[in-house]
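Take a look at the structure set out below.
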């Protein structure tokens, strides 16, 4: 990692490049930071044709409708601690439909997903790219209605995606998590340099997990044998480089999860943008404690600093988990700052430090190519568990809008997890991911 840091310092120089876009967030692709909390579905991608003058609409519900699609291919190979192997190569993707608003009040949307095996040995199950037994699947993962209450406040019901710290799509396999329930969400402010509020809440009853066709009660996925949903409510305030938010998830007799996160940018005299973040999660049993049969309570806190150096980004993060119980994240990717490609580093008593270096090579003539390397060192777990380290390498190419490959993205990911004890076994995880976003119609 020292070599990675030295390389970033060398190629980025000591002064940020003029006019260069800031490096992307250091958040992992499976996580949703508080300042990006979003309960609304995104619209299908860029329209295929943009007319210079928009014609008069006879029926906005149909005239404003959009259809989009994404093709996806993933190859995943994982050599696990016990020397068993999970492997599959899959093709699939999604088709998205979103109507316009009828009477400027009501719209509908739907998304169908599929994942089909190309190479999937029966004795190498477990990639989560396919259903158990290496079976392909197709599912109508989203079917929802949305009501416009005001221009900034909306309500939705049915099956759709949500992106919050603990209920999120975790879209790092072939298809994402989606959810069933009702919600209200919106924004306030954000104009004329005023601070922006994002807020939302609702009752989420069921989840379709990433490699499933079925919607299952949230409590069952968490590990209980009863049918319970989850009440969720949260808000985030953002103004400039300051962000502060909190969200709570409550399931009767199952679990309560409270999460809060703040981010700010302390001034630096040398002109290098520095962002400092802090997070805290509290988890505890509720009511009749049906999840484990006994009461539990635990928490994790974390700190993160991101320092931009031209086209590079250096990240240092630390998390610490209480000694009572491991943290839980049954309804999406875990939001901890040291949660990476394979491990979450959130076991009972576990502390972890992460060093990450990112660089965008566009200034070197390699447009759209970026890479990062990271190392996480975990300590403090008790027997029969063992401390672990993880090293991740990531190379990504996203061709720009002028390229013949516009709409495509290519990604190589490799992770190695090293266990300190028990014979010191390793995990090797290698992934190739290709996406193509079709122009929307």
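The values are calculated or read from the model by the stated rules, or taken from the named source; none is laboratory data. The shown structure was predicted, so the numbers you read here are calculated from the model rather than taken from an experiment. Counting neighbours? That spans all protein chains shown, and the Cβs are built from the backbone with ideal geometry, glycine included.
Among the residues of region 126-136, is there at least one that is under 30 Å from residue 104 (Cα atoms) and touching a strand residue (DSSP E or B) at 6+ places or on another chain (Cβ under 7 Å)?
No, region 126-136 contains no residue that is under 30 Å from residue 104 (Cα atoms) and touching a strand residue (DSSP E or B) at 6+ places or on another chain (Cβ under 7 Å).
Name every residue in region 137-154 that is surrounded by fewer than 16 Cβ atoms within 10 Å (Cβ to Cβ) and over 24 Å from residue 90 (Cβ atoms), in order of residue number.
145, 147, 149, 150, 151, 152, 153
For region 206-243, name all the residues that are surrounded by fewer than 18 Cβ atoms within 10 Å (Cβ to Cβ) and over 18 Å from residue 170 (Cβ atoms).
Matches in region 206-243: 225, 226, 227, 231, 233, 235, 239, 240, 241, 242.
So is residue 279 assigned to a strand (DSSP E or B) and within 19 Å of the chain's Cα centre (by Cα) or not?
Numbers: assigned to a strand (DSSP E or B): yes; within 19 Å of the chain's Cα centre (by Cα): yes.
Considered against the rule, which asks whether it is assigned to a strand (DSSP E or B) and within 19 Å of the chain's Cα centre (by Cα), residue 279 comes out as yes.
Only residues in region 218-233 that are at positive phi count as the first member; pair them with residues that are in a loop (DSSP other than H, G, I, E, B), Cβ under 8 angstrom, at least 6 apart or cross-chain, and list the lot.
223/291; 223/292; 223/330
Say whether the condition of being assigned to a loop (DSSP other than H, G, I, E, B) and surrounded by fewer than 17 Cβ atoms within 10 Å (Cβ to Cβ) is met by at least one residue in region 327-335. Break it down into steps so the answer makes sense when it comes.
Of region 327-335, the ones assigned to a loop (DSSP other than H, G, I, E, B) are 327-335.
In the following step, the residues that additionally are surrounded by fewer than 17 Cβ atoms within 10 Å (Cβ to Cβ) were identified as none.
Looking through region 327-335, none of the residues is assigned to a loop (DSSP other than H, G, I, E, B) and surrounded by fewer than 17 Cβ atoms within 10 Å (Cβ to Cβ).
Among the candidates 394, 435, single out the residue that is at pLDDT 95 or above, crowded, with 18+ Cβ neighbours inside 10 Å and out of contact with any helix residue (DSSP H, G or I) (no Cβ under 8 Å at 6 or more places or on another chain).
None of the other options fit; the residue is 394.
Going by the conditions given, is residue 380 farther than 28 Å from residue 85 by Cα and in contact with a strand residue (DSSP E or B) (Cβ under 9 Å, 6 or more places away or on another chain)?
The answer is yes for residue 380.
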